[in-house]
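The values are calculated or read from the model by the stated rules, or taken from the named source; none is laboratory data. Model, not experiment: these values are computed from the prediction. FYI the Cβ positions are ideal-geometry reconstructions off the backbone, even for glycines, and counts take in every protein chain you see. SASA here: full protein model, heavy atoms, side chains in, ligands and nucleic acids out. Shrake-Rupley method; radii C 1.70, N 1.55, O 1.52, S 1.80 Å.
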Amino acid sequence: MAAIFWLVAGVLLAAAEMLTGDFTLLMLGVAALGTAGVSAAADTSLVVDAIVFAVVSAVLFLGVRPIIRRRFGTPPPTPTNVDALPGKTALVLEQVAAHSGQVKLGGEVWTARPMDTTEVYEPGTTVYVMKIDGATAVVWKGP
């Protein structure tokens with residue numbers, strides 16, 4: 001009889017996890033299912049079932065949950081807008097020098113300056129966007 005209680009509790013807790021996404025109820029549900037298995041196999045008392053539930057829960061919370069949260073918790077942010085531009089290539093349209101220049105970046109024309117102010121990039125040169133400084137692309141030709 002106690003095994004059925006643990007089985008139902010485990011299924012309900014695991015199902016309720018879909019509403020939270022925190023992996024807390026899932027760990028408790030798995031612990032309850034494990035306790036149901038032990039209770040059914042060994043016909044243990046309620047006190048032993050509670051101890052089994054506590055031990056399995058502790059192991060899952062301390063050992064498994066942190067790993068699952070790192071892996072599935074929050075997806076890495078996808079850079080958008082200006083944050084997505086560093087690392088992209090650009091084509092020099094007008095000579096890029098310390099105080100002037102234009103590049104074509106992602107179909108748009110941007111003002112640009114070289115990362116190293118002593119360098120000058122001629123039109124037609126492919127450069128890499130290192131960062132965006134206001135409305136200016138800071139570019140580098142590379143090694």
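Taking H placed 1.01 Å from N in the peptide plane, check which residues at least 5 places from Val139 or on another chain put their amide H under 5 Å from its amide H.
Arg113, Met115, Met130
Return the carbon/sulfur percentage of the accessible area of the chain, one whole number, probe 1.4 Å, all protein chains in place. The partial results should precede the final answer.
Values: 5980 of 9060 Å².
Carbon-and-sulfur percentage of accessible area, whole number: 66.
Could you work out the helix-only [θ] at 222 nm for the chain, with each DSSP H run of four or more residues adding -39,500 (n - 2.57) and the total divided by the number of residues, to the nearest 500 deg cm²/dmol? Numbers along the way, then the final one.
Values: 4 runs with 60 residues, N = 143.
Dividing the helical sum by the residues of the chain leaves -13500 deg cm²/dmol.
What are the ³J(HN,Hα) couplings of the stretch 68-79, residue after residue, when phi is run through the Karplus curve with 6.51, -1.76, 1.60 and θ = phi - 60°? Round to Hz, x for glycine and proline.
Along the stretch 68-79, the couplings run 5, 5, 5, 7, 10, x, 10, x, x, x, 8, x Hz.
Measuring from label point to label point, each 7 Å out along Cα→Cβ, what is the Glu108 to Val59 span in nm?
5.5 nm
Counting other Cβ atoms within 10 Å, which trypsin sites (Lys or Arg not before Pro) in the stretch 42-78 have at most 11 and lie in a DSSP loop?
Working: sites: Arg69, Arg70, Arg71; in loops: none.
When the trypsin sites (Lys or Arg not before Pro) of the stretch 42-78 are filtered for loop state and at most 11 Cβ neighbours within 10 Å, nothing remains.
Once you place label points 7 Å from the Cα toward the Cβ at Ala15 and Arg71, how far apart are they in nm?
2.6 nm
Let me test this: with uniform point scatterers at the alpha carbons of the chain, what is the Debye-based log₁₀ I(q)/I(0) at q = 0.09, 0.15, 0.18, 0.22 1/Å?
-0.53, -0.73, -0.91, -1.15
Among rounded, prolate and oblate, which fits the stretch 1-72 when a ≥ b ≥ c are the square roots of the eigenvalues of its C-alpha gyration tensor, a/c under 1.5 means rounded, and a/b larger than b/c means prolate? Show your work: numbers first, answer last.
Working: a/c = 3.14, a/b = 1.69, b/c = 1.86.
Oblate.
Over all directions, average the projected area of the Cα convex hull of the stretch 88-140 and note it in nm².
Values: hull surface 11.5 nm².
Quarter of the Cα hull surface area: 2.9 nm².
Within a Cβ distance under 13 Å of Ser57, other residues only, what is the Lys/Arg minus Asp/Glu net charge? Walk me through the numbers before you get to the answer.
Values: positive: Arg65; negative: Asp49.
It works out to a net charge of 0.
Find the relative contact order for the stretch 1-127 and round it to a whole percent, using C-alpha pairs within less than 8 Å whose residues are 6+ positions apart.
Values: 160 pairs, mean separation 21.0, N = 127.
Answer for the stretch 1-127 is 17 percent.
Any chance you could give the angle, 0 to 90 degrees and rounded to 10, that helix 2-20 forms with the longest Cα principal axis of the chain?
For 2-20 against the chain, the angle is about 20 degrees.
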